[in-house]
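Right, one structure below, let's go through it.
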Amino acid sequence: MDLPLPDLAPGSAVPALAPDEIHLWRLRGGERLTPRGVSAIAHRHLGRLLSRYAGTEQPLAIVRGAHGKPTAPDAGGIEFNLSHSGAHVLIAFARGQALGVDVEAVEGRHRSIMAIAQRFFAPEEAAALAQLDEAGRRLAFLRLWTCKEAVLKALGSGLHFGLDRLRFSLDAAGLPQAVCAVGADAAPGDWQLRRWEAPDEIVAALAWRGPPRRLRVGTIDADG
């Protein structure tokens, strides 16, 4: 069961991050901001939260790996990931566990879903999407896309890895059930996947490779 985190007031300490937990923060009030404003506030809160989890008042340097994955070498083993789409922001933290999070605004996808799926997804995934009606296909595409992004971000590989090399088993409604292939990886079942969505608002996914962890979810005010 997901456990609640308290709303994070400006200047307050973050709750203790246990070794078997993931803390996921959602931004509240982003709909009042421009896209550039959402991005700026997301990275500002990321920096603040990262310092608090690391137990310092000083800003920590964030560097990017060869494929763009951000890390903080001086954060004492705190891993993190951030995603934003439209007014929606998610920031995830864990101790000693690489992770990836992705959120997509439902209203933000107007490109040809099937053209993207047929070009970039595994053939069986594209075929499964093609069996759905238009409304179901759009939602199923976003569910699959966020799952793929979350795993790739946890890997630190980026899209160059190949979306077709990362395959998911899908049910009859196109809902991702589990990771069934990650390139030549012989143990795709080691991956953990958490999905959630708000009707007509967002679709999101969180992924990590390792044992199950408790997920705690809290809210940050954009004005904080």
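Could you calculate the contour length gain from Asp171 to Leu193, that is, 0.36 nm times the residue separation minus the distance between their Cα atoms, to one decimal place in nm?
Numbers: separation 22, 0.36 × 22 = 7.92 nm, distance 1.52 nm.
Length gained between Asp171 and Leu193: 6.4 nm.
For the options Pro188, Pro70, Pro123, a Gaussian network treatment of the chain with springs between C-alpha atoms closer than 10 Å singles out Pro123 as fluctuating the most. Per-residue SASA remark: Leu8, around 20 Å² accessible (1.4 Å probe; ligands, DNA and RNA not included). Only DSSP H runs of four or more residues enter the estimate; each adds -39500 (n - 2.57), and after division by the residues of the chain the mean residue ellipticity at 222 nm equals -8500 deg cm²/dmol. Just the protein heavy atoms count here, and of the accessible area of the chain at 1.4 Å, carbon and sulfur take up 53 percent. Around the amide H of Thr219, modelled in the peptide plane, lie the amide H atoms of Asp7, Leu8, Arg26, all under 5 Å away and 5 or more residues distant in sequence or on another chain.
In this structure the range 1-50 gives 56 Å² per residue of accessible area when probed at 1.4 Å with all protein chains present. In whole Å, what is the distance between the alpha-carbon centres of the range 32-63 and the range 157-196? Each part's Cα centre sits 29 Å from the other's. Among beta bridges identified by DSSP and lying wholly in the chain, the antiparallel ones come to about 75 percent.
Show me the trypsin sites (Lys or Arg not before Pro) within the range 39-76 that DSSP assigns to loop and that have at most 15 other Cβ atoms within 10 Å of their Cβ.
Qualifying residues, ordered by number: none.
Indicate the gyration tensor shape class of the range 168-218 (rounded, prolate or oblate), computed on the Cα atoms with a ≥ b ≥ c the square roots of the eigenvalues: a/c under 1.5 is rounded; otherwise a/b larger than b/c is prolate and the rest oblate. Note, shape of the range 168-218 comes out oblate. Here the relative contact order of the chain, from alpha carbon pairs under 8 Å that lie six or more residues apart, stands at 29 percent. For the options Gly162, Gly189, Gly11, a Gaussian network treatment of the chain with springs between C-alpha atoms closer than 10 Å singles out Gly11 as fluctuating the most. Remark: the range 209-220, residue by residue, has Karplus-estimated 3J(HN,Hα) of 9, x, x, x, 10, 6, 9, 10, 10, x, 10, 10 Hz, where x stands for each Gly or Pro and the curve is 6.51 cos²θ - 1.76 cosθ + 1.60 at θ = phi - 60°.
Going by accessible area, probe 1.4 Å, with all protein chains left in place, what is the ranking of Glu31, Glu21, largest first?
Heavy-atom accessible area, descending, gives Glu31, Glu21.
Here the 3J(HN,Hα) profile of the range 158-170, calculated from phi with Karplus coefficients 6.51, -1.76 and 1.60 at θ = phi - 60°, is x, 5, 5, 4, x, 4, 6, 7, 10, 10, 10, 7, 10 Hz, Gly and Pro shown as x.
Given an 8 Å cut-off on Cα distances and at least 6 residues of separation, report the relative contact order of the range 108-186 as a percent. Working shown, then result.
Working: 81 pairs, mean separation 23.5, N = 79.
About 30 percent, as a whole number.
Close amide H contacts of Leu166 (hydrogens built in the peptide plane, cut-off under 5 Å, sequence separation of 5 or more or a different chain): Gly183.
Residues whose amide H lies under 5 Å from that of Gln192, counting only those 5 or more places away or on a different chain, are Trp208, Arg209, Gly210; hydrogens are built 1.01 Å from N in the peptide plane.
A full extension of the chain between Thr34 and Leu3 corresponds to an added length of 8.1 nm, given 0.36 nm per residue minus the alpha carbon distance.
Multiplying the residue separation of Val217 and Asp20 by 0.36 nm and removing their Cα-Cα distance gives an extension gain of 69.5 nm.
The value of relative contact order for the range 1-99, using C-alpha pairs under 8 Å at least six residues apart, is 33 percent. Computed with a 1.4 Å probe over protein heavy atoms only, the accessible surface of the range 96-195 comes to 45 Å² per residue.
The values are calculated or read from the model by the stated rules, or taken from the named source; none is laboratory data. None of the values given here were measured: they were computed from a predicted structure. Cβ: placed from backbone, ideal geometry, glycine included. Neighbour counts: every protein chain shown. Surface areas here come from the heavy atoms of the whole protein model, side chains and all, with no ligands, DNA or RNA. Shrake-Rupley method; radii C 1.70, N 1.55, O 1.52, S 1.80 Å.
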